[in-house]
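Visitor: Here it is, the structure in full.
Quick note: the coordinates plus some simple rules give every number you see, no bench work behind them. These numbers come from a predicted model, not from an experiment. Positions of Cβ are generated from backbone atoms using ideal geometry, with glycine treated the same way; all protein chains shown enter the neighbour counts.
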Amino acid sequence: MKGNDALIETLNGLLADELTAINQYVVHSEMAENWGYGKLKKTVRARSIVEMKHAEKLIERILFLEGMPKVSELNTIAIGSDIPRQLSNDLAAEMSAVKHYNKAIVAAASAGDYATREILEHILQDEDAHVNELEEKRDQIGQMGIQNFLATQAGE
Ligand SMILES: [Fe+2]
Ligand SMILES: [Fe+2]
């Protein structure tokens, strides 16, 4: 089914966000593992896999709309040099994803493409959960201090 060109462009923008997030999270999860924070590694890795599924859904939808998925364009990957910076960069990425998905949902509706809108709404729920997860960790660091927080993340 031939889709609206502007909407395909919007979906490609979301795809760039997802591909950027995957790269950022894979590096952050490996850095966490390298420092011995196995629990944090698992959380971040799980988040990267969710973003991979989002990228897949977007690629599938762009192809269905007879567009060409752009997989070679990434945004700036914001690698943090320590855990608090990583969490803060990841939170910024998720907040930006929420903003972009909300805008894209409006764009899909105004293009009269409610099936695309529904796909985007499902993804938005995941991004919302990611913001929640990262805000929780930020608050824990604020309340218990970074050393105590890191102690909770050490191990397998
Ligand atoms: Fe995502
Ligand atoms: Fe996310």
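Visitor: Which whole-Hz couplings ³J(HN,Hα) result when phi for each residue of the range 131-146 is put into the Karplus expression 6.51 cos²θ - 1.76 cosθ + 1.60, θ = phi - 60°, listed in order with x for Gly and Pro?
Guide: Ordered by residue, 3J(HN,Hα) equals 4, 4, 4, 6, 5, 4, 5, 4, 5, 4, 4, x, 7, 9, x, 4 Hz.
Visitor: Provide V98, V71 in ascending order of the number of other Cβ atoms located within 10 Å of each residue's Cβ, fewest first.
Guide: With the sparsest Cβ surroundings first, the list reads V71, V98.
Visitor: Follow-up question, since we're still on this one. Which chymotrypsin sites (Phe, Trp or Tyr not before Pro) in the range 1-107 pass both tests, a DSSP loop state and at most 15 other beta-carbon atoms within 10 Å?
Guide: W35
Visitor: To the nearest whole percent, what portion of all C-alpha pairs in the range 107-156 is separated by more than 12 angstrom?
Guide: 71 percent
Visitor: Quick one: what are the phi-derived ³J(HN,Hα) couplings along the range 36-45, Karplus 6.51/-1.76/1.60 with θ = phi - 60°, whole Hz, x for glycine and proline?
Guide: The phi angles translate into x, 9, x, 5, 5, 3, 4, 4, 5, 5 Hz.
Visitor: Taking every pair of alpha-carbon atoms in the range 84-130, give the share separated by more than 17 Å as a whole percent.
Guide: Counting pairs separated by more than 17 Å, the tail of P(r) holds 37 percent.
Visitor: Among S72, S96, S110, what is the fewest-to-most ranking by other Cβ atoms within 10 Å?
Guide: Ranked by crowding around the Cβ, least crowded first: S72, S110, S96.
Visitor: A further question follows. Please report the net charge: other residues with Cβ closer than 14 Å to the Cβ of E66, K and R +1, D and E -1.
Guide: -2
Visitor: Same structure, new question: Hull surface divided by four, with the convex hull built on the Cα atoms of the chain: how many nm²?
Guide: 8.8 nm²
Visitor: Per residue and in cubic angstrom, what volume does the convex hull of the Cα atoms of the range 30-122 have?
Guide: 105 Å³
Visitor: If the limit is 23 Å between Cα atoms, which of K41/K103; K2/K99; K70/K99 go over it?
Guide: K41/K103; K2/K99
Visitor: Which ³J(HN,Hα) values in Hz, rounded to whole numbers, follow from the phi angles of the range 28-33 under the Karplus curve 6.51 cos²θ - 1.76 cosθ + 1.60, where θ = phi - 60° and Gly and Pro get x?
Guide: 4, 5, 5, 5, 4, 5
Visitor: If you don't mind, another one. Once you have the Cα-Cα distance between A154 and S81, take 0.36 nm times their residue separation minus that, and quote the gain in nm to one decimal.
Guide: Extra length from A154 to S81 when fully extended: 24.5 nm.
Visitor: What's the exposure ranking of D126, D82, D90, going from fewest to most Cβ atoms within 10 Å?
Guide: D82, D126, D90
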